[in-house]
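Written below as structure tokens is the structure these notes are about.
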Number of protein chains: 2
Amino acid sequence: MTKSPFPLSKVYGLLEPGPVVMLSTARKGRPNIMTLSWHTMLEFEPPLVGCVVSNRNYSFNILKTTRECVINIPTVELAEKVVKCGNVSGRDTDKFASLGLTPIAASCVQAPLIDECYANLECKVADTRLVNKYNFFVLEVLKAWFDSSITDPRTIHHLGEGVFKVDGETIKLPSHMK
Amino acid sequence: MTKSPFPLSKVYGLLEPGPVVMLSTARKGRPNIMTLSWHTMLEFEPPLVGCVVSNRNYSFNILKTTRECVINIPTVELAEKVVKCGNVSGRDTDKFASLGLTPIAASCVQAPLIDECYANLECKVADTRLVNKYNFFVLEVLKAWFDSSITDPRTIHHLGEGVFKVDGETIKLPSHMK
């Protein structure tokens with residue numbers, strides 16, 4: 001793995017732009033993955049992330065029980081696998097094997113990192129108050145990884161029904177915002 | 001205004017890709033705007049959106065008191081105004097006037113639509129359970145507007161410190177996801 005630890009104070013810059021992510025979990029040594037776009041930053045540091053994991057998803061009970069996951073951020077090169085991942089259930093399929101993705105041991109959680117994703121955020125569940133009503137989990141990022149050989153990661157943004165916007169040009173404007 | 005009502009069932013496709021948005025509010029007839037990126041869809045229909053409005057923002061108390069706002073989605077053409085909006089406070093400034101933006105009366109809420117934004121979502125606050133701890137408001141979209149003369153809106157995605165990714169190419173992959 002060519003990844004290095006990434007500062008927790010900079011994690012917001014990875015998730016704030018709204019990329020599609022792949023959430024990996026594991027229970028009894030069996031890993032699973034789901035695709036999701038319904039996430040938001042909630043706090044800078046320690047980084048808190050809110051995300052919706054529907055109770056129709058196989059990952060829902062795993063996340064609720066184990067209280068651990070990894071948020072993996074794919075680039076456009078993985079788009080086809082991202083969509084396939086969202087169209088099958090981990091109930092019947094070993095998604096790592098069927099999608100040809102590589103699980104790598106994380107350092108703080110049982111859930112594996114997806115090696116092919118350029119950034120990985122090891123998380124624990126920090127608040128479940130909105131789980132019953134909205135399937136909304138508050139996650140705390142414990143450890144972050146980043147592949148620094150990827151200089152301009154182009155992430156993808158779901159518009160619905162398999163249509164995605166791919167990151168285009170980067171612009172920089174004078175700002176004193178964080 | 002060249003906008004038409006937009007189906008509530010399709011609102012998720014506007015916010016799910018994670019664009020920077022401008023939140024407009026109004027109190028006692030005085031409108032205000034803030035820029036934010038920390039939002040997520042929570043439910044398809046009626047559309048529920050969660051978003052963080054920091055209690056350091058002037059808009060926080062207005063939103064908490066009036067329980068109404070409009071989520072306005074700008075395209076890259078407005079990027080400079082979006083950043084300026086995020087770098088001044090409505091405490092001292094009439095942002096509509098200083099940014100040269102046009103407030104338009106909404107149909108369900110007191111807060112105005114920003115005419116220059118290609119889509120506008122009139123919202124009421126639906127749940128405040130996570131406001132004290134995370135400044136996280138659950139909003140219900142009551143009415144949506146869309147400028148159908150904009151065929152390929154290029155939204156912007158904040159990476160931090162005034163750096164943005166602009167929407168690039170659109171790709172479509174076979175999927176049975178919503």
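The values are calculated or read from the model by the stated rules, or taken from the named source; none is laboratory data. Note that this is a predicted model, so its numbers are computed, not measured. Cβ placement follows ideal geometry from the backbone for every residue including glycine, while neighbour counts extend to all protein chains displayed.
Could you tell me whether A:SER9 is modelled with pLDDT of 95 or more, crowded, with 23+ Cβ neighbours inside 10 Å and either touching a Pro at 6+ places or on another chain (Cβ under 7 Å) or in a helix (DSSP H, G or I) (or both)? Judged against the criteria, A:SER9 is not a match.
Scanning region A:62-104 for residues that are among the β-branched types (Val, Ile, Thr), free of Cβ contacts under 8 Å to residues at least 60 places away in the same chain and surrounded by 22 or more Cβ atoms within 10 Å (Cβ to Cβ) yields A:ILE62, A:VAL70.
Annotation: of all residues in region B:123-140 being assigned to a strand (DSSP E or B) and more than 11 Å from chain A (Cβ to nearest Cβ), the one that is nearest to the chain's Cα centre (by Cα) is B:CYS123.
Considering only residues of region A:141-178 that are away from chain B (no Cβ under 12 Å) and outside any loop (DSSP other than H, G, I, E, B), which is surrounded by the fewest Cβ atoms within 10 Å (Cβ to Cβ)? Looking at the filtered set, the residue picked out is A:LYS143.
Scanning region A:15-28 for residues that are within 14 Å of chain B (Cβ to nearest Cβ) and assigned to a strand (DSSP E or B), we see that the one that is surrounded by the fewest Cβ atoms within 10 Å (Cβ to Cβ) is A:MET22. Quickly run through region A:62-92 and pick out the residues that are away from chain B (no Cβ under 14 Å) and among the charged types (D, E, K, R). Within region A:62-92, A:LYS64, A:ARG67, A:GLU68, A:ARG91, A:ASP92 qualify.
B:SER59 falls short on exactly one of the conditions (1) within 14 Å of another protein chain (Cβ to nearest Cβ); (2) assigned to a helix (DSSP H, G or I); (3) crowded, with 17+ Cβ neighbours inside 10 Å, and that condition is (1). Just a yes or no: is a residue in region B:131-154 of a type in the set (Val, Ile, Thr) and farther than 18 Å from B:LEU42 by Cβ? Yes. Being among the polar types (S, T, N, Q) and within 14 Å of chain B (Cβ to nearest Cβ): is that true of A:SER9 here? So A:SER9 passes the test.
Each row is one residue, and each column tells you yes or no for (1) more than 14 Å from the chain's Cα centre (by Cα); (2) farther than 17 Å from B:LEU121 by Cα; (3) not basic (Lys, Arg).
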residue: B:GLU43; (1), (2), (3): yes, no, yes
residue: B:PRO47; (1), (2), (3): no, no, yes
residue: B:GLY50; (1), (2), (3): no, no, yes
residue: B:ARG56; (1), (2), (3): yes, yes, no
residue: B:ARG67; (1), (2), (3): yes, no, no
residue: B:ASN72; (1), (2), (3): no, no, yes
residue: B:VAL76; (1), (2), (3): yes, yes, yes
residue: B:LYS84; (1), (2), (3): yes, yes, no
residue: B:ASP92; (1), (2), (3): yes, yes, yes
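For region B:62-110, a residue qualifies if it is in a helix (DSSP H, G or I), of a type in the set (Ser, Thr, Tyr) and closer than 23 Å to B:ILE156 by Cβ, and exactly one does: B:SER98. Here B:TYR12 fulfils each of the conditions (1) among the aromatic types (Phe, Trp, Tyr); (2) in contact (Cβ under 8 Å) with a residue 60 or more places away in the chain; (3) under 17 Å from B:PRO112 (Cβ atoms) apart from (3).
B:CYS123 fulfils the conditions (1) surrounded by fewer than 17 Cβ atoms within 10 Å (Cβ to Cβ); (2) in contact with a strand residue (DSSP E or B) (Cβ under 9 Å, 6 or more places away or on another chain) except for a single criterion, (1). Condition first: modelled with pLDDT of 95 or more and among the aliphatic types (A, V, I, L, M). Now tell me which residues in region B:140-176 satisfy that. Result: B:VAL141, B:LEU142, B:ALA144, B:ILE156, B:LEU159, B:VAL163, B:VAL166, B:ILE171, B:LEU173. Within region B:40-51, residues that are farther than 14 Å from A:LEU130 by Cα and of a type outside the set (A, V, I, L, M, F, W, C) reach partners that are assigned to a strand (DSSP E or B) and modelled with pLDDT of 95 or more with beta carbons closer than 6 Å, at six or more positions or on different chains, in the pairs B:PRO46/B:GLU140; B:PRO47/B:VAL141. Of all residues in region A:29-56, those that are more than 12 Å from every other protein chain (Cβ to nearest Cβ), in a strand (DSSP E or B) and not basic (Lys, Arg) total 3.
Quick check: anything in region B:105-118 exposed (fewer than 15 other Cβ atoms within 10 Å of the Cβ), closer than 21 Å to B:ASN32 by Cβ, in contact (Cβ under 8 Å) with a residue 24 or more places away in the chain and not aliphatic (A, V, I, L, M)? Yes: region B:105-118 contains one or more residues that are exposed (fewer than 15 other Cβ atoms within 10 Å of the Cβ), closer than 21 Å to B:ASN32 by Cβ, in contact (Cβ under 8 Å) with a residue 24 or more places away in the chain and not aliphatic (A, V, I, L, M).
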